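The values are calculated or read from the model by the stated rules, or taken from the named source; none is laboratory data. What you see is a predicted model; the values in this text were computed from it and never measured. Positions of Cβ are backbone-derived with ideal geometry, glycine not excepted, and every protein chain shown enters the neighbour counts. Side chains are part of the model used for accessible areas, which takes the heavy atoms of the whole protein and leaves out ligands, DNA and RNA. Shrake-Rupley method; radii C 1.70, N 1.55, O 1.52, S 1.80 Å.
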Amino acid sequence: MAPLPRRLAALALASTCLLSAAACSSSGAPATDANGRAVVKFWSMPYWIGDDAKVKQLVDQFNASQDKVAVQLTQLEWKDGRDKIKQAIAAGNGPDVWLMNNGLELDYLKAGSLAPLDELGYTSADTDKFLPLAKVDEYEGKQYGVPLYFDVDVMLYRTDVFQQYGITAPPKTWDELKSTAKKITDESAAAGKKVSGWQFKGMDDHLNAINSTWESFLCQAGGSLTSPDYAASTQATEAGRTAMEYMKSFYTDKVSPTGTSALNGFISGEVAMFPFFQSVIANVQAGGDKTAGKWAVAPMPAGPKSGCSMVGGHSLVARSDSRNLNAAGDFMRWLASPERSAQYMDFHAIFPYDLAKVDPAVKASVDEKVKADPNWNAIFEQLSRNTPDLLLQDRHAFQARWDAQKASIVAGVNGQQPVDKALQSIDAQVGQALDGEKK
């Protein structure tokens with residue numbers, strides 16, 4: 001059967017689970033393998049960036065260490081993995097544990113499909129070790145997700161290009177970003193080999209990235225995605241206009257080229273700066289000699305109100321009606337442990353724990369990784385600027401918002417649509433989805 005469209009799959013999940021408890025139940029005795037070990041079905045996309053085989057290796061490592069729990073891994077692809085999980089959960093034959101975006105998805109939470117951590121064997125001593133950003137996985141006073149790692153939007157820049165044009169430090173404000181980018185674009189064009197000073201990730205071949213890019217700049221302008229009660233979409237505001245007009249000016253003033261790939265252009269040296277989640281570093285490093293020793297990371301240039309940015313990353317969640325909740329909790333505590341999370345820093349995932357509350361050996365491992373790569377200082381600086389608020393807002397009408405933004409932000413920024421109309425279009429589409437959540 002072909003995958004359902006994402007929004008229809010979400011509706012199927014909510015309606016099936018709410019209207020028929022039996023449809024979302026895994027009744028019967030706990031599943032065991034031939035050795036009597038409790039079986040935990042784990043479905044995951046390849047979250048270890050740059051090495052798809054790593055997730056299987058971790059599961060194999062866990063299984064080799066266990067005599068009471070056996071994890072069965074189903075590896076999915078990013079393009080349709082989330083939809084396959086939704087369909088399976090709605091049909092009553094989904095995984096016990098799976099990968100979900102930080103912030104979690106409202107349909108699962110409202111349907112009661114996720115197990116709170118206290119039912120998985122987590123104690124307050126366990127959850128108190130997480131960074132405050134872990135509140136993105138809370139709902140109505142309980143925590144339902146265990147963060148594997150966090151992402152935050154940062155700025156990447158080519159140090160070789162900066163040196164060539166006499167730029168001694170990365171820009172710290174919107175004004176400095178615009179003037180620095182313009183200097184590079186104009187002077188390189190005059191020299192006969194144009195380098196675009198800046199490109200917004202998402203105004204290129206990875207359209208979905210416009211969502212994190214836009215929400216970062218909206219945040220920096222003092223805007224929000226929804227009202228405090230999550231009931232209304234709030235992008236057609238002065239803050240929204242400020243953010244979009246600023247982004248649009250890069251194309252109006254011909255500082256940035258519409259359609260050029262931010263990542264590919266950065267690797268080839270044709271783009272000097274771009275913003276995205278810090279985990280994109282793994283892709284930049286894969287550029288080999290094209291990028292080795294020629295780039296660095298900086299916090300996002302601050303806007304009129306703040307230097308905040310979008311928060312991302314992934315968490316583990318468990319099915320509330322799993323027949324092996326305790327075993328699922330055992331696996332989650334292992335895979336999302338401080339020891340494993342320190343390993344995830346190898347693909348530049350952000351450690352989700354408070355270093356003052358973890359084992360000294362783990363802290364020493366994290367400190368060593370930070371010492372070996374000065375880019376971590378910029379990443380942690382950006383992390384300190386962010387709160388759970390934006391991601392908690394994004395949870396509401398998530399798919400409608402991300403679909404609307406992919407169309408309207410690009411159209412408004414590249415001049416195909418007036419800024420006010422683009423913002424109003426987002427609010428109209430998202431507003432309908434928010435109204436639907438109230439029913």
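Exactly one residue out of 163, 143 is surrounded by 17 or more Cβ atoms within 10 Å (Cβ to Cβ) and polar (S, T, N, Q): that is 143. Checking the condition more than 30 Å from residue 401 (Cα to Cα), of a type in the set (Val, Ile, Thr) and modelled with pLDDT of 95 or more, which residue from 40, 97 passes? Unique residue meeting the criteria: 40.
Restricting attention to the range 391-428, report how many residues are more than 14 Å from residue 210 (Cα to Cα) and hydroxyl-bearing (Ser, Thr, Tyr). Total satisfying the criteria: 1. Applying the set (1) out of contact with any helix residue (DSSP H, G or I) (no Cβ under 8 Å at 6 or more places or on another chain); (2) modelled with pLDDT of 95 or more to residue 353 leaves exactly one unmet item: (1). Counting only helices (runs of 4 or more DSSP H) that sit wholly inside the range 167-264, those with at least 1 residues that are touching a Cys at 6+ places or on another chain (Cβ under 8 Å) and under 29 Å from residue 393 (Cβ atoms) are 210-220. Screening 53, 29 for residues that are at pLDDT 90 or above, surrounded by fewer than 19 Cβ atoms within 10 Å (Cβ to Cβ) and either of a type in the set (A, V, I, L, M, F, W, C) or closer than 17 Å to residue 98 by Cα (or both) leaves exactly one candidate, 53.
Look through 134, 231, 236, 221 and report the one residue that is over 21 Å from residue 415 (Cβ atoms) and out of contact with any strand residue (DSSP E or B) (no Cβ under 8 Å at 6 or more places or on another chain). None of the others qualify; the one that does is 231. Is there a residue in the range 108-119 that is more than 22 Å from residue 346 (Cα to Cα), touching a residue at least 40 places away in the same chain (Cβ under 8 Å) and hydroxyl-bearing (Ser, Thr, Tyr)? Yes.
Under the condition of being farther than 18 Å from residue 171 by Cα, touching a residue at least 40 places away in the same chain (Cβ under 8 Å) and not small (Gly, Ala, Ser), the residues counted in the range 258-274 number 5. Test residue 437 against the stated conditions and say whether it is open to solvent by 40 Å² or more (accessible area, probe 1.4 Å), touching a residue at least 60 places away in the same chain (Cβ under 8 Å) and under 19 Å from residue 281 (Cα atoms). Taking the combined requirement at face value, the residue does not satisfy it. Once the range 120-140 is narrowed to residues that are without any contact (Cβ under 8 Å) to a residue 60 or more places away in the chain and of a type in the set (Val, Ile, Thr), the residue that is least open to solvent (accessible area, probe 1.4 Å) is 127. Of everything in the range 251-264 that's closer than 22 Å to residue 425 by Cα and at pLDDT 95 or above, which residue is nearest to the chain's Cα centre (by Cα)? Per the criteria, the residue is 251. Checking each residue of the range 142-164 against the condition of being out of contact with any Phe, Trp or Tyr (no Cβ under 8 Å at 6 or more places or on another chain), free of Cβ contacts under 8 Å to residues at least 24 places away in the same chain and not in a strand (DSSP E or B) gives at least one match. Filtering 254, 248 for residues that are out of contact with any helix residue (DSSP H, G or I) (no Cβ under 7 Å at 6 or more places or on another chain) and in contact (Cβ under 8 Å) with a residue 12 or more places away in the chain leaves a single hit, 254.
For the range 382-391, the condition holds for no residue, the condition being that it is open to solvent by less than 10 Å² (accessible area, probe 1.4 Å), within 24 Å of the chain's Cα centre (by Cα) and of a type in the set (Val, Ile, Thr). Residue pairs whose Cβ atoms lie under 9 Å apart, separated by 6 or more positions or on different chains, with the first residue in the range 384-396 and under 12 Å from residue 153 (Cβ atoms) and the second assigned to a helix (DSSP H, G or I) and at pLDDT below 95, do not occur. The one condition from (1) surrounded by 20 or more Cβ atoms within 10 Å (Cβ to Cβ); (2) within 21 Å of the chain's Cα centre (by Cα) that residue 285 does not meet is (1).
Count of the range 92-111 residues, restricted to those that are surrounded by 15 or more Cβ atoms within 10 Å (Cβ to Cβ) and in a loop (DSSP other than H, G, I, E, B), is 8. If only residues of the range 316-330 that are out of contact with any strand residue (DSSP E or B) (no Cβ under 7 Å at 6 or more places or on another chain) and in a loop (DSSP other than H, G, I, E, B) are counted, the one that is least open to solvent (accessible area, probe 1.4 Å) is 322. Mind checking whether some residue in the range 394-412 is under 17 Å from residue 134 (Cβ atoms), in contact with a helix residue (DSSP H, G or I) (Cβ under 9 Å, 6 or more places away or on another chain) and surrounded by fewer than 18 Cβ atoms within 10 Å (Cβ to Cβ)? So far as the range 394-412 goes, no, none of its residues is under 17 Å from residue 134 (Cβ atoms), in contact with a helix residue (DSSP H, G or I) (Cβ under 9 Å, 6 or more places away or on another chain) and surrounded by fewer than 18 Cβ atoms within 10 Å (Cβ to Cβ).
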